[in-house]
Ligand code: PHE
């Protein structure tokens, strides 16, 4: 039997039906590594985050391959077997065992095992099947960080004293932080009582919060400085932050940090006290600590005022040349100056879907999933698609059949699309909807 393969960053892997669902346009982008491209806004943002977690306390891992096992991405982190993130509709698989990582946490277990420093930082490209609009792209970038203390190495085995002493050494900031909730919640975010005393978990939480607040204050101070360079009259309310309770299968307690910036509360990162099972499984059971994960792309959009996430993938010099020299000298950061914005070309398409989960008689493959529409449009329209949105949905009163209408906005970032070009793209999308998803056009 002939086996098909796919090559990603120089390594060849067998593909397997029905798992393999990575389109060619995604495979080809796995080699871009924007987070390592000198003077690219994604790399600059990574460098700014890194500057807040200095070596040698933190060791940097920026080269991990995006191909990981289901064990690394899900099992090692305690995700249940039926977690929706594992579905083929949400995640890119090569075969039953291998996938494109959906988050940098996929490397936590291995990095806890290998790391000889007190902490680490990982940056990487991550992959998720999702909606299409100006802030969503199937590839984005994350940064993961962790800080650990070893019970066998801190003086007198006193974790609380060691962590508190390290907190004293952290920079101080003067931004107002709201943190109304108690540090632990008995059901949602319990103390890991088999592994920590309450005082230890609280000390770890304090160190985590102060470290991450410092990083976020630094990022947003730089964003404001860039805004003021661009517009000397730029006035904004003072920066505010708040901690909200969160849930992750691999931390407890867990939080998200939100920032009030230019009139909106933005969620910027997730974090928590590392579940002890991770350290135990990584063969370092005497360590305790915290971890966080932050999305780089949204932060970069805010820092540089970049209006569309697709711009990061542009190889147009009018985009790239605006950041020349910033990697070497982070203080020269300034806002992006948009080059002429080309007109949007919206086109609508409506169709009857073949079946729904209730009508399909349990045949999973017949179930219609919106992410399949998103990807089909992206596989044909590439980066010329700005957004895809559901504009109408209705069920026929007699037949019970369901009809959906989507609006696709085509817009090239670098030139104007002609009506003819747009129509040709849209026609190919319409045909592919019939051929690949089995819909009936209306
Ligand atoms: N991996 C999580 C996400 O992608 C973020 C996270 C990282 C949370 C580390 C806690 C600790 O949402």
| field | Tabulated pairs, the stretch 138-163, first at pLDDT 95 or above, second part of a strand (DSSP E or B) and more than 16 Å from the ligand (Cβ to nearest atom), C-beta under 8 angstrom, 6+ apart or interchain | value | 159/149; 162/149; 163/149
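State which residue is surrounded by the most Cβ atoms within 10 Å (Cβ to Cβ) when the search covers only the stretch 140-158 and only residues that are within 30 Å of residue 46 (Cα to Cα) and away from the ligand (no atom under 12 Å from the Cβ). If you could, list the steps in order and put the result at the bottom.
Of the residues in the stretch 140-158, the ones within 30 Å of residue 46 (Cα to Cα) are 140-150.
Cutting the leftovers down to away from the ligand (no atom under 12 Å from the Cβ) gives us 148-150.
On the way: 148: 20, 149: 23, 150: 17.
Here the answer is 149.
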| message | Being touching a helix residue (DSSP H, G or I) at 6+ places or on another chain (Cβ under 6 Å), within 16 Å of the ligand (Cβ to nearest atom), within 30 Å of residue 411 (Cβ to Cβ) and at pLDDT below 95: is that true of residue 123 here? | response | no
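Does residue 239 count as within 16 Å of residue 264 (Cα to Cα) and touching a helix residue (DSSP H, G or I) at 6+ places or on another chain (Cβ under 6 Å)?
Values: within 16 Å of residue 264 (Cα to Cα): yes; touching a helix residue (DSSP H, G or I) at 6+ places or on another chain (Cβ under 6 Å): yes.
Considered against the rule, which asks whether it is within 16 Å of residue 264 (Cα to Cα) and touching a helix residue (DSSP H, G or I) at 6+ places or on another chain (Cβ under 6 Å), residue 239 comes out as yes.
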| message | For a quick check of your reading of the model, give me the residue pairs whose first member lies in the stretch 78-106 and is at positive phi, whose second is within 13 Å of the ligand (Cβ to nearest atom) and outside any helix (DSSP H, G or I), with beta-carbon atoms closer than 7 Å and at least 6 apart or on different chains. | response | 78/249; 78/250; 78/275
| Among the residues of the stretch 193-212, is any modelled with pLDDT under 90 and crowded, with 17+ Cβ neighbours inside 10 Å? | no
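Find the residue count for the stretch 126-135, including only residues that are more than 13 Å from the ligand (Cβ to nearest atom) and either buried (at least 21 other Cβ atoms within 10 Å of the Cβ) or modelled with pLDDT of 95 or more (or both). Talk me through it step by step, then tell me what you get.
Our first condition is that a residue be more than 13 Å from the ligand (Cβ to nearest atom); within the stretch 126-135, this holds for 129, 131-135.
Then drop every residue that is not either buried (at least 21 other Cβ atoms within 10 Å of the Cβ) or modelled with pLDDT of 95 or more (or both), which leaves 129, 132.
Count: 2.
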| note | Conditions (1) in a strand (DSSP E or B); (2) within 14 Å of the ligand (Cβ to nearest atom); (3) over 19 Å from the mean Cα position of the chain (by Cα) -> residue 112 fails only (1)
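Conditions (1) surrounded by 20 or more Cβ atoms within 10 Å (Cβ to Cβ); (2) touching a residue at least 40 places away in the same chain (Cβ under 8 Å); (3) assigned to a helix (DSSP H, G or I), marked per residue:
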site: 368; (1), (2), (3): no, yes, no
site: 378; (1), (2), (3): yes, yes, yes
site: 392; (1), (2), (3): no, yes, no
site: 409; (1), (2), (3): no, yes, no
site: 422; (1), (2), (3): yes, yes, yes
site: 432; (1), (2), (3): no, yes, yes
| task | Name the strands (runs of 3 or more DSSP E) wholly inside the stretch 7-109 in which the number of residues that are modelled with pLDDT of 95 or more and loosely packed, with under 15 Cβ neighbours inside 10 Å is 3 or more. | result | 11-14
| part of a strand (DSSP E or B), within 25 Å of the chain's Cα centre (by Cα) and at pLDDT 95 or above: does that describe residue 403? | no
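Against the definition (part of a helix (DSSP H, G or I), more than 18 Å from residue 287 (Cβ to Cβ) and within 16 Å of the ligand (Cβ to nearest atom)), how does residue 209 come out, yes or no? If you could, list the steps in order and put the result at the bottom.
Numbers: part of a helix (DSSP H, G or I): yes; more than 18 Å from residue 287 (Cβ to Cβ): yes; within 16 Å of the ligand (Cβ to nearest atom): yes.
Criteria met by residue 209.
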| query | Does the stretch 83-100 include one or more residues that are over 18 Å from the mean Cα position of the chain (by Cα) and either under 20 Å from residue 277 (Cβ atoms) or within 16 Å of the ligand (Cβ to nearest atom) (or both)? | reply | no
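The values are calculated or read from the model by the stated rules, or taken from the named source; none is laboratory data. Just so it is clear, the model here is predicted, and its values are computed rather than measured. Counting neighbours? That spans all protein chains shown, and the Cβs are built from the backbone with ideal geometry, glycine included.
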